[in-house]
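Take a look at the structure set out below.
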Amino acid sequence: MELNVDESGRPWTLSGGGPVIVIPAEIAGHWRGTLPPVGVQVPAGWTWGGSSGPECDYDRACSPGGYEPTPHGGFGWVSVQETPVLILDGEILTWFEAGAEGGSLVRSSIDEADGDPEKVSPGSWCSVGVDVISLTDGRLYMFDSAAAGAVDPAQIAADDGVGVITLGAGNWRVEFATDADECDFVRFRRP
């Protein structure tokens, strides 16, 4: 699988209809997507989204905890290996804009407006559920949450590809905002 980078060198992704996951590289191999959980008895005929049988990771991504809706998307969190993992709701083009202090995920609005995180008023940024994440590897992978993850992003078979965000190892403050054009943003900065 080829990694997604646009003409400006920005990593990007899209989903085939469900949420986008943004997961630390060091735990990406534990994300199962629509596959059943490891070591769980799976009844005959089981499928993700069903009312009987185990809940898969994609089911969890579709109903994340600490969820904050936006006009055409939203933000939430699930736990993978006791690590918070960001879930971005909606089939929305998502790319990463690197900045001097870290960078921001930008999610275009329903009318495909391209927002600028630098133009978001300082008072508009807020936390949703988790304030700080820790990265050991220093990278985040973003892809359609229906796909199973992998340690190597080239091995993730997400139909709309994988974007690799390089922030650096350590702690990162995570904040969210939506602008007047209904573009959503997720900002990563050192605490």
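Pairs linking a residue in the stretch 88-110 that is surrounded by fewer than 22 Cβ atoms within 10 Å (Cβ to Cβ) to a residue that is of a type in the set (Val, Ile, Thr), with Cβ atoms under 6 Å and 6 or more positions apart or on different chains, are GLU97/VAL106. Of all residues in the stretch 108-162, those that are assigned to a strand (DSSP E or B), modelled with pLDDT of 90 or more and closer than 22 Å to ASP59 by Cα total 7.
Polar (S, T, N, Q), out of contact with any Cys (no Cβ under 6 Å at 6 or more places or on another chain) and at negative phi, is that true of THR83?
Numbers: polar (S, T, N, Q): yes; out of contact with any Cys (no Cβ under 6 Å at 6 or more places or on another chain): yes; at negative phi: yes.
For THR83, the condition - polar (S, T, N, Q), out of contact with any Cys (no Cβ under 6 Å at 6 or more places or on another chain) and at negative phi - is met.
Once the stretch 5-41 is narrowed to residues that are part of a loop (DSSP other than H, G, I, E, B), farther than 22 Å from THR136 by Cβ and of a type in the set (Val, Ile, Thr), the residue that is least open to solvent (accessible area, probe 1.4 Å) is THR34.
ALA44 satisfies every condition listed in (1) among the hydrophobic types (A, V, I, L, M, F, W, C); (2) surrounded by fewer than 18 Cβ atoms within 10 Å (Cβ to Cβ); (3) touching a Phe, Trp or Tyr at 6+ places or on another chain (Cβ under 9 Å) except (3).
Kindly indicate whether any position in the stretch 135-148 is without any contact (Cβ under 8 Å) to a residue 40 or more places away in the chain, open to solvent by 20 Å² or more (accessible area, probe 1.4 Å) and out of contact with any Ser or Thr (no Cβ under 7 Å at 6 or more places or on another chain). No, that holds for no residue.
Based on what the data block shows, is ALA180 without any contact (Cβ under 8 Å) to a residue 24 or more places away in the chain, farther than 13 Å from LEU86 by Cβ and assigned to a loop (DSSP other than H, G, I, E, B)? Please lay out each step first, then the result.
Details: without any contact (Cβ under 8 Å) to a residue 24 or more places away in the chain: yes; farther than 13 Å from LEU86 by Cβ: yes; assigned to a loop (DSSP other than H, G, I, E, B): yes.
The answer is yes for ALA180.
The values are calculated or read from the model by the stated rules, or taken from the named source; none is laboratory data. Since the structure is predicted, the reported quantities are computational estimates derived from the model, not experimental observations. Because the Cβ atoms are built from the backbone with ideal geometry, glycine has one as well, and the counts that use them run over all protein chains shown. We work out accessible area using only protein heavy atoms, side chains counted, and drop any ligands, DNA or RNA first. Shrake-Rupley method; radii C 1.70, N 1.55, O 1.52, S 1.80 Å.
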